[in-house]
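Student: Questions regarding the structure given below will be posed in turn.
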DNA sequence: CGTTGGGTTGAAGCTTTTCAAGAAGTGTGG
DNA sequence: CCACACTTCTTGAAAAGCTTCAACCCAACG
């Protein structure tokens, strides 16, 4: 459980998330300001990046890998409240103390900004503030979508919804767009899935088996998923089929 | 189901939500700009303000009353994804089509801004944009808190959580702060509560009765709630007792 | 004074959880 | 290179919690 060495990225210009992250709208000059206050950190799968209640001296963008935000009750029940993919933003300007526990779900690289100077940039450069507003509104929409999943969907629909979300993101990143079938690796353990879905890990396992038995997905090993028919998966998720799957 | 007459507010200076809403940070000059693009609308309890998928020509602040955002699946299952109280903001700058159905849960007054000019203000006046970012971040926190409720709490804890949230807001607004006991009116029907909590209305009713039987709350009629001991209610909600109840 | 909308309560049924055992894959040291 | 431990995942059986279906209450209102 120790931090692994920083990766070989330095220049914002070459950054894989340059055009989707909080810096997306920055011009050359603003980017130079960000370069001054940024540094990279890497984490290995399973590592906790920050505990709820910790002092937080930075905010950050996910560069590669997957991280999760979780909340835990005293008796140990935990709920994932955010799944952070490349370009997603972590931390809240103006807040010193972390509200959620942040965990690296896979190996992870983050681009961190020292908090104080970043907060100043929020005030002084409208491009950063505006992009952050846009991203926060997107996250709020995602959270609300997830509230429907948590509150009203069956276990089977929940699993299908999660797989659909991950498949969709993967399709966007790797541009398999043309085909109706997809292959991807689950970046989550069964336990992480259960924490996301408000289920037990046994129920997750059972429903995964059921979807496999019914031919909705094919499992190659425990982590690799093949979706032969995306429309079918969307149907199982209870969404109106294809609801803008590549938008 | 028709719109009732607009109320007798005109001046931002006298507005009850002047210091909490999206306009909170505006100076006199900015306020004058807002006055130009604003108009009031009133709705009666139960009225739908906007359907998911409708074209949306305004954004708005709740001035008084309670509204809700809901999502509905094709088969009719519905989940409330937002409870909008006075000063809360409705609508998304940059979005033409409503994502959620907005309903007046009680009689309601809204301060509406024409969307296009409001979007221009977002770009041109940092005070509005900054306040909107802050409010959106708060809403995101609230949504995540609610994800824990939906995903991991029992029916009894869900009810207690909802009552605690409403009690807390009421305490802030009406400044009963000193006392540990509280009285308030539920602004929600049993059905609205069930939509919020991801339960059936029968379960809501049963758990309300159970909390009453156990002395956690006293019901005066169907809507008026007395909470003799706020700490007790927080315990029932499964939160660490009093987690900053008046912050 | 009957109708209507909101609320309560009961009984049966179904989904998900809980508890428990075991299988499959991964890594370590002898 | 195999044995052993360890983690992750799967599956079964029983139990719990919530939903479903149904009946009924009550206050408001035309």
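Every read-out reported here was derived from the displayed coordinates using simple, explicitly stated rules and does not represent laboratory data. If you're wondering where the values come from, they're calculated on a predicted model, not measured in any experiment. Virtual Cβ from ideal backbone geometry, glycine too; neighbours counted across all protein chains shown.
Student: How large is the helix-only mean residue ellipticity at 222 nm for the protein assembly as shown, computed as the sum of -39500 (n - 2.57) over DSSP H runs with n ≥ 4, divided by its residue count, in deg cm²/dmol to the nearest 500? It would help to have the intermediate numbers written out before the result.
Tutor: Details: 14 runs with 192 residues, N = 494.
The helix contribution divided over the protein assembly as shown gives -12500 deg cm²/dmol.
Student: Hey, any idea what Rg/Rh is for the protein assembly as shown, computing Rh the Kirkwood way over Cα pairs?
Tutor: On the way: Rg = 23.1 Å, Rh = 24.1 Å.
Rg divided by Rh gives 0.96.
Student: Give, in whole angstrom and from largest to smallest, the semi-axes √(5λ) of the equivalent ellipsoid of chain A, with λ running over the eigenvalues of the Cα gyration tensor. Before the final figure, lay out each step's value.
Tutor: Values: eigenvalues 208, 84, 57 Å².
Semi-axes, largest first: 32, 20, 17 Å.
Student: How would you classify the stretch A:9-51 from its alpha-carbon gyration tensor, with a ≥ b ≥ c the square roots of the eigenvalues: rounded for a/c under 1.5, else prolate if a/b is greater than b/c, otherwise oblate? Present the calculation step by step, with values, prior to reporting the outcome.
Tutor: Values: a/c = 2.34, a/b = 2.10, b/c = 1.11.
It is prolate, given that a/c is not under 1.5 and a/b is the larger ratio.
Student: 7 Å along Cα→Cβ for the label point: how many nanometres lie between residue A:44 and each equivalent label in the other copies, listed shortest first?
Tutor: Label point to label point, same position, other copies: 6.7 nm.
Student: Neighbouring Cβ atoms within 10 Å as the yardstick, rank B:189, B:103 fewest first. Mind dumping the intermediate values first?
Tutor: Values: B:189 16, B:103 23.
Final ranking by Cβ density, sparse to dense: B:189, B:103.
Student: Note the angle between two axes, namely the Cα long axis of helix B:155-174 and the longest principal axis of the Cα atoms of chain B, as a number of degrees from 0 to 90, rounded to the nearest 10.
Tutor: Tilt of helix B:155-174: around 50 degrees.
Student: Something else about it: Any chance you could list the semi-axes, whole Å, largest first, of the equivalent ellipsoid that the Cα gyration tensor gives for the stretch A:12-149, using √(5λ)?
Tutor: Values: eigenvalues 123, 52, 45 Å².
Values for the stretch A:12-149, descending: 25, 16, 15 Å.
Student: Say we join alpha carbon atoms closer than 10 Å with springs in a Gaussian network model of chain B; which of B:41, B:156, B:224 then has the biggest fluctuation?
Tutor: Residue with maximal mean-square fluctuation among B:41, B:156, B:224: B:224.
Student: Please check: in the Gaussian network model of chain A (C-alpha springs, under 10 Å), which one of A:99, A:28, A:154 has the largest mean-square fluctuation.
Tutor: Top of the fluctuation ranking is A:28.
Student: Continuing with this model, one more query. Counting only other chains, and only Cβ atoms inside 10 Å, what mean value do you get across the residues of B:132-141?
Tutor: 6
Student: Pairs of alpha-carbon atoms within less than 8 angstrom and 6+ residues apart define the contacts here; what relative contact order does chain B have, in percent? Before the final figure, lay out the partial values.
Tutor: Values: 410 pairs, mean separation 44.8, N = 247.
Once normalised by length, the contact order is 18 percent.
Student: Also, I was wondering about something else. If we hang a label 7 Å off Cα along the beta carbon direction at residue B:96, how far is it from the matching labels on the other copies, in nm, shortest first?
Tutor: Distances between equivalent label points, in nm: 4.7.
Student: Sorting A:157, B:145 on the 10 Å Cβ count, fewest up front, what's the list? Spell out each step's value before the answer.
Tutor: Values: A:157 20, B:145 16.
Final ranking by Cβ density, sparse to dense: B:145, A:157.
Student: Relative contact order for the stretch B:29-97 using alpha-carbon pairs under 8 Å, separation at least 6, rounded to a whole percent? Show your work: numbers first, answer last.
Tutor: On the way: 68 pairs, mean separation 22.2, N = 69.
Relative CO of the stretch B:29-97 lands at 32 percent.
Student: Quick one: in the stretch A:154-237, what % of C-alpha pairs are over 20 Å apart?
Tutor: Values: 829 of 3486 pairs.
Cα-Cα pairs in the stretch A:154-237 separated by more than 20 Å: 24 percent.
Student: Among A:74, A:139, rank each residue by its count of other Cβ atoms within 10 Å, from fewest to most, as a rough exposure measure. Please report the intermediate quantities before stating the final value.
Tutor: Working: A:74 9, A:139 19.
Lowest count first: A:74, A:139.
Student: Does anyone have the angle between helix A:115-124 and the longest principal axis of chain A? Alpha-carbon axes, 0 to 90°, nearest 10?
Tutor: 80 degrees
Student: Now, a different point. List the relative contact order of the stretch A:154-237 as a percent without decimals, with contacts defined as Cα pairs under 8 Å and 6+ residues apart. Working shown, then result.
Tutor: Details: 96 pairs, mean separation 35.8, N = 84.
Result for the stretch A:154-237 is 43 percent.
Student: Here's another thing I want to ask about it. Mind checking the angle between helix A:201-213 and chain A's longest principal axis? C-alpha axes, 0 to 90 degrees, to the nearest 10.
Tutor: On a 0 to 90 degree scale, this one is about 60.
Student: Report the residue, chosen from A:45, A:13, A:98, that carries the largest GNM mean-square fluctuation when chain A is represented by alpha-carbon nodes joined by springs under 10 Å.
Tutor: A:13
Student: Mind checking the mean number of beta-carbon atoms from other chains within 10 Å of the Cβ atoms in A:72-80? Please report the intermediate quantities before stating the final value.
Tutor: Working: counts 2, 7, 4, 2, 0, 7, 3, 9, 4.
That average works out to 4.
Student: Shifting gears a bit: Say a label goes 7 Å from Cα toward Cβ at residue A:214 in every copy; what distances in nm does this one have to the rest, shortest first?
Tutor: Label-point distances to the other copies, shortest first: 3.6 nm.
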